[in-house]
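Every read-out reported here was derived from the displayed coordinates using simple, explicitly stated rules and does not represent laboratory data. Values in this document were obtained by computation on a predicted structure and should not be read as measured data. Using ideal geometry, Cβ is built from the backbone for each residue, glycine included, and neighbour counts are taken over all protein chains shown.
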Amino acid sequence: MDPINREPEEYGQDGDDTSSRQRPPREPLTPDFGQHTPALARTVQLVTGDFLLTVNPVDGSEIEACPPGQRPGRPAKLTAAERAETARAAKPPVPPGLNRPALPLLERQEERERLVRLLARGRSVRLTGPSGSGRSSLLDLVAEDCIDLAPDGVIRLTGFHRTATDLLHDLFYAVYDAPLHRPDRGELLTLVREIGAVVVLDDIEFGAAALEELLDATPECAFLVAATPEIPAPAADSVIEEVFLGGLQRAGAVEVLEHAVGRVLTEEEANWAGDLYFESEGLPLRFVQAGALLRQRDELRVGTSVVEEFGVFQDMIPADAPPITPVDSGEEDAVPLPSLGEAAAPAPLLASRLSTSARATLRFAVALGGEVPHQAHLPALVGDTHADAALGELAACGLVSPVGSRYRLAAGVQTQLEAAGYGDEIEASALIAGLHYSWWAGHPSVTPERVCAEADALLAALTVLVPATTPPGEGEESATVELARTAAPAFAAGLHWSAWERALRSGAEAAQLAGNVSEQAYFQHELGVLALCEGDLDRARAELESSIGLRDSAADKRGTVAGRRALALVADRSGITIGLGAAAGEEVSDARYEESASPPGGTPTPFPPLQPPGDTYTLVAHQSSAPTSHNKARGGLRGYARRNLVAAGAGALLAAVLGTVVTLGATSNNNADNPSDKVGVNPSASQGNSDDSLGADPAKKGGKGDTGTATSSPTDPGPDGTYGTSDDPTPPSSSGTPSDKPSGTSGRPTSPTPSRSTSHSPSSTPSHSPSPSHSSSPSSSESPTPSGSATPSSTPSATNSASGAASSSAPVVTTSSAAPASSVAPGTVI
C-alpha cells in the first residue's frame, strides 16, 4: 500500500469502479453514555470596564487591559419584539401535570386602578403587603395595563437575593443588546439614565437609602416595587408613593375557596371556611391551600373507578394514605373535614396525599432552603422519569409560588414541612443535589445562562454542604469543592457576579476545610480578579498575594504566572510598585521576604541583588537632628540610591583592577634579552626641515656602514662611568667582513652627533658562531647573539637597524627621544 498514491480499494471502491458494500458497524456490548475523550475547558472572553477578562476554569481567570480593537461600542437598545421575547423567557415555566385554571383576582380592582394612575403620571409606587396577600398576581395585571405607557415598555425584575447594583445591571441587560459586556459603574449609570420604562420589581429585599439610590440612578423610569412589611420603608423625604395591600373580605375569601374547589360549598364547608377566615386574616394563599384540602377530600370519598375515569393514576395516591371510601357506602362522614389547626398549617397534610415524586421534591426543596429545582432536574434527582409532573401537583396545592423565573416554597411551607420531619435528611438531600449540579454545570452543552438561572439552588446546596466539609479520602475529591469549582466560572461567564462571589467564598472555605491548597489558591485568585474588576484594589491585592503564596507552595507554575500578571495590573492601577510595599509619604513597616536558599558555593553574580533596607547591612550617617516620620518613610528609597552608588563604585574599581592586571601581565617578562622589550614607541629617525635628512646619527669618517652583524652591548662604562661615550671599550666584532651598504635611509652624511635613541630588533640572519677578528668599522646596530657572548663597541651606533640587508622582513620601530636611565634595560645601547 502506497501511503501517498492510494489505490481505489482504499477509498471503499474496487478496481472496476464499483462501490463495495460497507461493513455493518459492530454492535456495542454496552451503550455509550459518556465521552471517551475529556471535554475542552469552556473559556469565555468578556469586556468589563477597561479590562478584557478571560474566564479560564483551569488555571484561573486572566485579566488585562482591553485592547482598543476589542473594546465594544455603545450598545443599542432592543426592539419591542426583542424585549417581549426577553420578558417571555424570564417568566417561570408552566409546570406540567395537573394544572388548574387561573383564579380570578377578587377585591383588588381599586388598588389596580390606583397603581396604574400613579405610574401613568411617572410616579414610583411601593406596594406593601404580607406574604400570601396576592402581590405578585396584582403586579401581573398592572404590568399588562401599563404596556404602552413608556417608550421602553414594561420591564419585569425580581429583587429576591439581589442588591441595588445587581438590579441596575439586570435593567441594563433587559433594555440593551450587550452580550459579553459588563459596563463599569460610570458607564452603567450613563446608560441606565437613558432608559424610559415602567419597572415592575417584585420581592425586593432592601429599602431606605438603597432604594433611593436605585431611583436616583434611573430618573426616566417609574418603579412599581412590591415588598413585605419587614423590608425597611423608604426615607421620609422620598418621592415614592405607598400602597398597602391587606386580606380579603369574608365573601371574597369564600368565593376564592369555591373557585379552588370547583363547586359550591356545603353548609358545613361554609362554616369551616368562616372559621378559617378569622384564623388566616383573609390571605388568599390560605384559601387556595384550603381548596386543595377539599379537593383531596373529594378524591378520597369517590370510588376508584371514578378516579381512573378522570385520568388520575393510582400511583399518585401514597401507600400510607387513608383508604378510599365510595360515596354510595352510606358513610359520607368517613373522611371528615380537616381541623382548624390542619387548615391553618396545611402543608404536612397536603404533602401526605401527594405522589411519591412530589414528596421527594419537597424534601429537596426543604434541603435547598425553599428553592425548588427546575422541573428538568427532577427526574435525575428523584429517580423517576415522570417526576417532572410533581411540580404541577405542588403548584395546584399552593405549596409553591413563582419567584422570578423559578419556583420556591410558598410562605410558611418551609417551617411547616420541617416540623413534620421533612428536614431530617437535609445534608443527604443537599449532597445528592450538589453532585447532580456539579455534573450538570460542567457539561459542555449547558450554557452559562442556564447555570445562572439555577444559581439560587446551587448556592443553597453550597450553603448546606460547606459547614459539613471534611478532608476527603485518598484518591477522592470533595463534592463541595467540586461543585463550587464548576459553578463559579459559569456564573462569571453568565455575568451573574453576585452569585460568582458567593460561590467563590463558599469554595474557598470548603477548600480550606478539605485541606486542598491548590483549590483554595484558585478561589482566592478569582476573588482577587473580581475585586479588580469592581475597582477594589486593596482587596484585590490581598487576595492575589495570598493566592500566589499558596500556589508557590503547591508548585503551580501556570497559576502563579496568572496571579502575578493580575497583581502587576493591580500595581499599575494603584500606582504602588510591587516590592516597595507603600508609596512615598507613608511609613514603611518591616516586611518578611521569602526566597529560595542560595547554593552551597554561593551565587555566581558580580553584584549582590538589591534588597530593601533592613537589618542586612549597617549604614553609618551623621544627622543633625532626629529623623522625622517623613524622612523615615523615604528611607527605603534613599537606601536603594545608596546601594546603586556603591554598586557603581564597585564596578569602576573592578574595571581598574582588571585593567592593571592585564597591563602587568602584558608588560612583565623576566627575560632581559627579549627583543620585544627593546622596541621604543617613538621614531628614531625623522626628516629635518633644512637638509631633508632623517636626523639619524651619521657614521664616523671612514666608516663602512653597518656590518650587518649583531654586536654585544658594552660591559664597561669606561673612565667617565657612563655607557655609550667615546671612552667605552670597543667590543670585538663577531664578523670579519663589514657590510658595504649603509643601514640608513639617506646616503648623504651628516654631522656626527651622539645617538640618543635606541631600537632593538632581532636580526633576520643571526650569527651562530662568534668571530675572533675585529671589525674595521664600528657597528651601527646592536643585537644579542645566540651564544650569549658580547664584545664592547668602540664607537656609538649610527643606525638602529638590526640588519643591513634589504631583504630583512623584521619591522623596524625607532624612537627619537632618549629613554630615562631608570627604564633602560641592561644590555641596551644608549
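Assuming 0.36 nm per residue, please report the length gained on full extension of the stretch ARG123 to LEU180 beyond their Cα-Cα distance. Please report the intermediate quantities before stating the final value.
On the way: separation 57, 0.36 × 57 = 20.52 nm, distance 3.33 nm.
So the extension gain works out to 17.2 nm.
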| Computed label-point distance, nm, for sites LEU654 and LYS91 using a 7 Å Cα→Cβ extension | 7.9
| request: Sort the following peptides by mean Cβ neighbour count (other Cβ atoms within 10 Å, averaged over residues), highest first: 285-292, 373-380, 338-345, 657-664. | output: 285-292, 373-380, 338-345, 657-664
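Which whole-number percentage describes the relative contact order of region 232-306, with Cα contacts under 8 Å and a sequence gap of 6 or more?
Numbers: 44 pairs, mean separation 28.2, N = 75.
It comes to 38 percent, rounded to a whole number.
At 0.36 nm per residue, and after removing the present C-alpha to C-alpha distance, how many nm does the segment from ASP536 to GLU427 gain when stretched out fully?
Contour length minus Cα-Cα distance gives 35.7 nm.
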| Rounded to the nearest 0.05, what FRET efficiency is calculated for ASP148 and SER553 with R0 set to 60 Å and r the Cβ-Cβ distance? | 0.45
| query | So who's got an amide H within less than 5 Å of the one on VAL125, skipping anything under 5 residues away but keeping other chains? H placed 1.01 Å off N, in plane. | reply | PHE223, LEU224, VAL225, GLU241
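Take the Cα gyration tensor of region 333-464, multiply each eigenvalue by 5, square-root it, and list the three semi-axes largest first, rounded to whole angstrom. Mind dumping the intermediate values first?
Details: eigenvalues 155, 41, 35 Å².
Result for region 333-464: semi-axes of 28, 14, 13 Å.
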| said: Per q in 0.12, 0.17, 0.23, 0.25 Å⁻¹, report the Debye log10 I(q)/I(0) for region 350-409, using one uniform scatterer on each alpha carbon and no solvent. | reply: -0.22, -0.45, -0.86, -1.03
| remark: Taking only the alpha-carbon atoms of region 415-574, the convex hull volume per residue, in cubic angstrom, is 127
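Take the Cβ-Cβ distance between ASP572 and HIS386 as r, set R0 to 56 Å, and report the resulting FRET efficiency rounded to the nearest 0.05.
Numbers: r = 58 Å, r/R0 = 1.03.
That pair, ASP572 with HIS386, gives E of 0.45.
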| task | Which order do the peptides 473-481, 52-60 take when ranked by the mean count of other beta-carbon atoms within 10 Å per residue, highest first? | result | 52-60, 473-481
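Stokes-Einstein diffusion coefficient for region 169-233 at 25 °C in a medium of 0.890 mPa s, Rh from the Kirkwood formula over Cα pairs: what value in µm²/s? List each step's numbers first, then the result.
Working: Rh = 12.8 Å.
So the translational diffusion coefficient is about 192 µm²/s.
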| remark: Placing each pseudo-label 7 Å from Cα in the direction of the beta carbon, THR266 and LEU189 end up separated by a distance in nanometres of 6.6
| message | Need one number for region 196-276: average projected area of the convex hull over its C-alpha atoms, nm². | response | 7.7
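Taking all pairs of distinct Cα atoms, average 1/r, flip it, and tell me the Kirkwood hydrodynamic radius of region 76-150 in Å to one decimal place.
Details: mean 1/r = 0.0677 Å⁻¹.
Taking every pair of different Cα atoms in region 76-150, averaging 1/r and inverting gives 14.8 Å.
State the Kirkwood hydrodynamic radius of region 420-495 in Å, one decimal place, computed from all pairs of distinct Cα atoms. Don't jump to the answer; show the numbers that get you there.
On the way: mean 1/r = 0.0772 Å⁻¹.
Roughly 13.0 Å, rounded to one decimal.
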| message | Quick check on packing: order 544-557, 389-402 by the mean number of other C-beta atoms within 10 Å, highest mean leading. | response | 389-402, 544-557
| query | In terms of modelled amide H atoms, which long-range or inter-chain residues lie less than 5 Å from the amide H of VAL44? | reply | VAL55
| task | Mind grabbing the base-10 log of I(q)/I(0) for region 46-178 at q = 0.17 Å⁻¹? Debye formula, identical points on the C-alpha positions, no solvent, two decimal places. | result | -1.12
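To two decimal places, what compactness ratio does region 385-444 give when its Cα radius of gyration is scaled by 2.2 N^0.38 Å? It would help to have the intermediate numbers written out before the result.
Numbers: Rg = 13.8 Å, N = 60, 2.2 N^0.38 = 10.4 Å.
This ratio for region 385-444 stands at 1.32.
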